[in-house]
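The values are calculated or read from the model by the stated rules, or taken from the named source; none is laboratory data. Please read all numbers here as calculations on a predicted model, not as lab measurements. Cβ sites come from the backbone with ideal geometry, for glycine too, and all protein chains shown count toward neighbours. Calculation scope for accessible area: heavy atoms of the full protein, side chains included, ligands and nucleic acids excluded. Shrake-Rupley method; radii C 1.70, N 1.55, O 1.52, S 1.80 Å.
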Amino acid sequence: MKFDQPAGTNPIDRMKVVGKPTTRIDGPLKVTGHAPYAYEHQELPGAPDSGPAYGYVVGSAVAKGTIRSMDTSRAERAPGVVAVVTHRNAGKIAKGNFNTAMLLGGPKIQHYHQAIAVVVAETFEQARSAAALIDVDYARDGGAFDLAVAKVDAPDATGSDAPTAVGDFAGAFAAAPVQLDQMYTTPDQSHAMMEPHATIAAWEGDKLTVWSANQMVAWGAGDLARTLQIPPENVRLIAPYIGGGFGGKLFLRSDVLMASLGAKAAKRPVKVALPRPFMGNNTTHRPATIQRIRLGATQDGKLTAIGHESWSGDLEGGGPESATQQTKLLYAGANRMTALRLAVLDLPEANAMRAPGEAPGLMALEIAVDELAEKLGMDPVKLRVINDTQVDPEKPERPFSQRNLVRCLEEGAERFGWARRKAPGQVQDGRWLIGMGVAAAFRNNLNMKSGARVRLSPSGQVTVETDMTDIGTGTYTIMAQTAAEMMGVPLAKVTVKLGDSSFPVSAGSGGQWGANSSTAGLYAACVKLREAIVGKLGFGPGEAVFENGQVHVGNRVADIAAAAKGGEIVVEDSIEFGDLGKKFQQSTFGAHFVEVAVDRYTGETRVRRMLAVCAAGRILNPTAARSQVIGAMTMGVGGALMEELAVDKRFGFFVNHDLAGYEVPVHADIPHQEVVFLDEADDKVSPMKAKGVGELGLCGVGAAVANAIYNATGVRVRDYPITLDKHLDKLGEVV
Amino acid sequence: MTEGYGAISRRDVLKTSATGAAIAGSLGPGNVAMAQAQTAAPPHAAVSLKINGKATRLELDTRTTLLDALREHVKLTGTKKGCDHGQCGACTVIVNGRRINSCLTLAVMHEGDEVTTIEGLGSPDNLHPMQAAFVEHDGYQCGYCTPGQICSAVAVLEEIRAGVPSHVTADVSKPSPMTTTEMRERMSGNICRCGAYSNIAEAMAQVAGVKA
Amino acid sequence: MRPFTYERATSAQDAAAKVAATPGARFIAGGTNLLDLMKLEIETPTHLIDVNGLGMDKIEAIDGGGLRIGALVRNTDLAADARVRKDYGVLTRALVAGASGQLRNKATTAGNLLQRTRCPYFYDVNMPCNKRKPGSGCAAIGGFSRPLGVIGTSDACIATHPSDMAVAMRVLDASVETIRPDGTTRAIPIADFHTLPGQTPHVETALEKGEMIISVALPKPRGGTHIYRKVRDRASYAFALVSVAAVIGKDGKGAVALGGVAPKPWRVEEADALLPKGSKSVADRLFAGATPREDNAFKLTLAQRTIAAVLAEAKA
């Protein structure tokens, strides 16, 4: 199905199942421990009675250089060891399309903890122990590890990340009666999902099956074939349950490759999970940014000049963190410029993490707007409202498909009690300084082609098959809701099968495109199934209504199961998106409100209240969507207050590379969270009229926290995370 | 370049392996013993446990953690390995009535112990009240930390009832109140990167019969 | 983790003798720190003696006042003991500020004292570390030192001791009671139990080979307000940037010890005497001769301000 015209009325609009708060259909499996994640799959082809073998990955001890020699003999002789695979015996390995660095290093080393070997043994304990017996002699090269240094001669990014300019930014900024020109920094961050990257690989002849934690099944399977130089049809990737991703599992990673190589060498299935201390350096991360923002405004708060530049680094051949993305679209203003500059760094590979671009971009931009509001003596909610735009400011002929940012801000202000906010440093509660902050949330809506297969059994059961993944987003449930709505059956009559590359290729989970795109693909397949049912029943032309397990055409009625009595009906279709995304700017919006308390003695910040108001099209399942947003708000608190991969600029690695060193929020950090969704349906985005929320929820949270801290203390910190040491000496003497 | 680490910083060649130090040194008696240990089968020991009410006898490499014994030997994979270092809580199980990190304890140290895992609390058709509350309040997303969260949540309510103090107990000489503030503090050893904390607090409050 | 043989101890003295006589032998109790380090091959015992069956899990009154805490009393049980909560509140407060509920259920009194530093360079076997591999250098100096020590450190090591419990015990003047392989026992004042790194940071305590902690004795209760204030980046389940254990009387006199700043619980008795003069005087004395790094110099300010918070709380 091609989607190239705004959606008219369709069966989803009935909203009998779609749009209803629905507990997860996979919930009972998850809460009882019966949902099988990658490392837990039990029936393995070709496994001996003793079961699969275990692989343990060895990572490079240096950030950049060359392996001069490697002695694996002690590991090979260790008890239980079946195989040791390194670059010397791995065969020809290529780089996947989605990877920047090789997943198996050697002799050239591109980053710290780059995988250089896998040791396969009968047991996990034996593999881990033997992995420590590999002796490596490195020639270490110097590298570039400091963004602040490397930024000096970083060139402009190119392609879709190239600089943009509209009007005369320099002139307008110089002439603006009120100006802001500030630098902001955001640190390297780690996805730190709870399930480590994990894979079981099994070969049957030249066919390879991997059970792997991967958000994008087709990308993963394709890149595995490419990396191993085998035909894509020989690879099957299965990922029914994924223990979180946040972008960290978008791509093929070393667990998959090393399990596959290990299984080949061991001639039996091999299980590999990356040890948690590998998380920081072996896998990808969100890169640090240094951002400069210049805002020029009239005395009454109208923006006349908006300039945003951002520097980030990556390995040679990598990409920038597109932190200026939202600045092109968020506020009106005739004169504007953005620029991304990309330095080459020899730190581990930088790549997408939840809301890449907007997450760090808004952390900076939305502090800047708060600062400008203060310069203007204007309420920051009002400043955002008066600079709203209903068209793409760089291309005014492109309207937004739907944009309710102002309502998000105003409704949020009302609900949060924003009017009670005082000037900075004015509210105290015992030893606590209290402040409120606001920030706009903005994230583009992306659509991706997505396919699904639907089966109708003689008993009337509807089965959905697609390689789409559920990474905690609630995909199982919204797919079931979509099929139930389309086919007029209760949820219990729908079975959803996900995450298998033998199923039709879907949008996958990334860029908050998953929910809308994958349900739209299923919508297309269901339209086909409806037609097939009507055809089988010989119900001729006329509008078909599917409800209560029956189909009605005119006066004719039948159970849909009757159509399958001669045998299962199987149809497949996909949704393909036309140019509506070009004609209309499709984005999602929100407003975050946060109240914090800052200890006036120690400078510790604790979040007391959080509210998000979101405008993101139709909300397919308010229960799961709300969870996406509260989870993103939680991650936003982490980004604001604690998360930072600490760079050792001498050795060139992230030092705090485990969950003790890289702190993410715990229960005690997070108060009760409120989420409100505006009642919307965006007919320009898909027949589902839905957009994404999973990344929107993160966008702006950090700045709302930062602005609340400023409101509490009167001390502005522009360097994330806002740990106590950054404002401690400005909080006033205590004795 | 910097104080204290000078000699190393200027070396351009680095030899590594976790055992490098011992091997590079002279091969003393200790190292000979080590070399022998490497080629011999690793030491095993027997242990008898009661897992979810079922007597279980295992013959294990002494290095096997309780977590790996459950997941890889008994095939109870509901208990999760998130970090394997006591930093996340995904491996939480209840041993003799107390919650512990099963990743930081050896299976052979649990002779005669009663272990309750997530599978022992309830089944998909017969959920424990805490499991049901997690479903009702959407107290999870990806589900990976969930078994640990639930085992912890069940134990936390018992800890509060038993009067165990916590970091947020205002007066430690008195019993702790059954509040979500107490629950949040006590649940802090169970990390949820999906960020379901607010919903988990509501699920627990419901089971505890208090206001969220 | 290297292979090891395993046995259950039959008596404390027997266990001590075996550890002394067997190369590569170690005690294991709660195991929460030892197994963590064994997985990374930072600790590489070849024989483990499980002491969990030895009793030593009681808290008993000492004739004439005080409490004797068995070495195997779990952190949870010590924190929850009614006598500790009533008379040694700073100890309960310190215990519940540490780790997580799960870890406290397993971790023992002795093990808590013996836990090793959380310095990230100690934890990464690819990095030079004099504590892990004597003579290899200290990567933390000149590196990421934000969580590390500002006083009592040396040019060989700037690691901190991670315990909260030990900081409270230091302010309570506890003593660590041990048994040696020959069966003799001794009591080591907690002030002398942990050693400063100097040029031998791998030596961390006064214990001799095979010597085993059997109990910790607390002297008679120290009257006054008991406070343990732990400052960290997140609200729970994190090591201290700075922590302050204090017992302060109505007259403003008392004792104070700090965590998160030094290789051992940091107390300077002369600083106690300055408590009535306020946080600045106390901090100045505590940190005389401090050698902060660029990343962690804030700890000096933070410590002073946290002491101020504690004094304000004591006064309130």
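Summary table below
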quantity: Selected residue (only one of A:685, A:693 is modelled with pLDDT of 95 or more, closer than 24 Å to residue A:473 by Cα, surrounded by 23 or more Cβ atoms within 10 Å (Cβ to Cβ) and within 14 Å of chain B (Cβ to nearest Cβ)); calculated: A:693
quantity: The range A:328-344, residues that are surrounded by 24 or more Cβ atoms within 10 Å (Cβ to Cβ) and either free of Cβ contacts under 8 Å to residues at least 24 places away in the same chain or within 23 Å of the chain's Cα centre (by Cα) (or both); calculated: A:330, A:340, A:342
quantity: Only one of C:52, C:126 that is facing chain B (nearest Cβ under 8 Å), of a type outside the set (D, E, K, R), farther than 27 Å from residue A:659 by Cα and open to solvent by 20 Å² or more (accessible area, probe 1.4 Å); calculated: C:52
quantity: Residue in the range B:75-107 that is nearest to residue A:26 (Cα to Cα), counting only those that are open to solvent by 40 Å² or more (accessible area, probe 1.4 Å) and either within 12 Å of chain A (Cβ to nearest Cβ) or in a strand (DSSP E or B) (or both); calculated: B:75
quantity: Filtered residue count, the range C:105-122, keeping only those that are within 12 Å of chain B (Cβ to nearest Cβ) and over 21 Å from residue C:242 (Cβ atoms); calculated: 4
quantity: Condition check for residue C:280: under 20 Å from residue C:149 (Cα atoms) and not hydroxyl-bearing (Ser, Thr, Tyr); calculated: yes
quantity: Some residue of the range A:633-641 being at the interface with chain B (Cβ under 9 Å from one of its Cβ atoms) and either at pLDDT below 95 or over 30 Å from residue A:20 (Cβ atoms) (or both); calculated: yes
quantity: Residue that is nearest to residue A:628 (Cα to Cα), among those in the range A:222-249 that are open to solvent by 10 Å² or more (accessible area, probe 1.4 Å) and part of a helix (DSSP H, G or I); calculated: A:222
quantity: Flag for residue B:57 being modelled with pLDDT of 95 or more, open to solvent by less than 70 Å² (accessible area, probe 1.4 Å) and of a type in the set (Lys, Arg); calculated: no
quantity: Pair list, Cβ < 6 Å and 6+ apart or interchain, from the range B:108-122 residues that are within 8 Å of chain A (Cβ to nearest Cβ) and free of Cβ contacts under 8 Å to residues at least 12 places away in the same chain to residues that are crowded, with 23+ Cβ neighbours inside 10 Å and part of a helix (DSSP H, G or I); calculated: B:122/B:131
quantity: Among the candidates A:325, A:291, A:299, residue that is under 23 Å from residue A:405 (Cβ atoms) and open to solvent by 10 Å² or more (accessible area, probe 1.4 Å); calculated: A:325
quantity: Residue check for residue C:92: within 30 Å of residue C:223 (Cβ to Cβ), of a type in the set (Val, Ile, Thr) and either outside any helix (DSSP H, G or I) or within 8 Å of another protein chain (Cβ to nearest Cβ) (or both); calculated: yes
quantity: Options A:296, A:301, A:247, A:262: the member that is within 30 Å of residue A:331 (Cβ to Cβ), touching a Gly at 6+ places or on another chain (Cβ under 8 Å) and among the small types (Gly, Ala, Ser); calculated: A:247
quantity: Unique residue being among the hydroxyl-bearing types (Ser, Thr, Tyr), within 10 Å of chain B (Cβ to nearest Cβ) and under 29 Å from the mean Cα position of the chain (by Cα) when the list is A:112, A:138, A:37, A:54; calculated: A:37
quantity: Hits in the range A:59-72 (condition: within 14 Å of residue A:137 (Cβ to Cβ) and either assigned to a strand (DSSP E or B) or not β-branched (Val, Ile, Thr) (or both)); calculated: A:60, A:61, A:65, A:66, A:67, A:68, A:69, A:70, A:71
quantity: Leading residue by the ranking (farthest from residue A:732 (Cα to Cα)) among those in the range C:262-306 that are open to solvent by less than 40 Å² (accessible area, probe 1.4 Å), charged (D, E, K, R) and more than 10 Å from chain A (Cβ to nearest Cβ); calculated: C:264
quantity: Residues satisfying the stated conditions in the range C:224-274, i.e. modelled with pLDDT under 95 and outside any loop (DSSP other than H, G, I, E, B); calculated: none
quantity: Pairs with Cβ under 6 Å, 6+ apart, first in the range B:132-146 and at the interface with chain A (Cβ under 7 Å from one of its Cβ atoms), second outside any helix (DSSP H, G or I) and surrounded by fewer than 24 Cβ atoms within 10 Å (Cβ to Cβ); calculated: B:135/A:23
quantity: Complete set of residues in the range C:13-28 that are within 30 Å of residue A:274 (Cβ to Cβ) and either of a type in the set (Val, Ile, Thr) or open to solvent by less than 20 Å² (accessible area, probe 1.4 Å) (or both); calculated: C:28
quantity: Any pair with Cβ under 9 angstrom, 6 or more apart, that starts in the range A:143-158 at a residue that is in contact (Cβ under 8 Å) with a residue 60 or more places away in the chain and ends at one that is loosely packed, with under 13 Cβ neighbours inside 10 Å; calculated: A:156/A:162
quantity: Residue match in the range C:56-75 (condition: buried (at least 21 other Cβ atoms within 10 Å of the Cβ) and free of Cβ contacts under 8 Å to residues at least 24 places away in the same chain); calculated: no
quantity: Residues (crowded, with 21+ Cβ neighbours inside 10 Å, within 8 Å of chain B (Cβ to nearest Cβ) and over 30 Å from residue A:144 (Cα atoms)) located in the range A:62-82; calculated: A:78
quantity: Single residue of A:216, A:183 found to be under 24 Å from residue B:145 (Cα atoms) and either free of Cβ contacts under 8 Å to residues at least 60 places away in the same chain or away from chain B (no Cβ under 14 Å) (or both); calculated: A:216
quantity: Residue within the range A:254-276 that is surrounded by 24 or more Cβ atoms within 10 Å (Cβ to Cβ), under 22 Å from residue A:355 (Cβ atoms) and either touching a Phe, Trp or Tyr at 6+ places or on another chain (Cβ under 7 Å) or among the aromatic types (Phe, Trp, Tyr) (or both) present; calculated: no
quantity: Strands (runs of 3 or more DSSP E) wholly inside the range A:101-173 containing at least 3 residues that are open to solvent by 10 Å² or more (accessible area, probe 1.4 Å); calculated: A:135-140, A:164-166
quantity: Among the candidates A:420, A:415, A:403, residue that is surrounded by fewer than 18 Cβ atoms within 10 Å (Cβ to Cβ) and in contact (Cβ under 8 Å) with a residue 24 or more places away in the chain; calculated: A:415
quantity: Residue list for the range A:644-677, filter: more than 8 Å from every other protein chain (Cβ to nearest Cβ), in a loop (DSSP other than H, G, I, E, B) and open to solvent by 20 Å² or more (accessible area, probe 1.4 Å); calculated: A:644, A:649
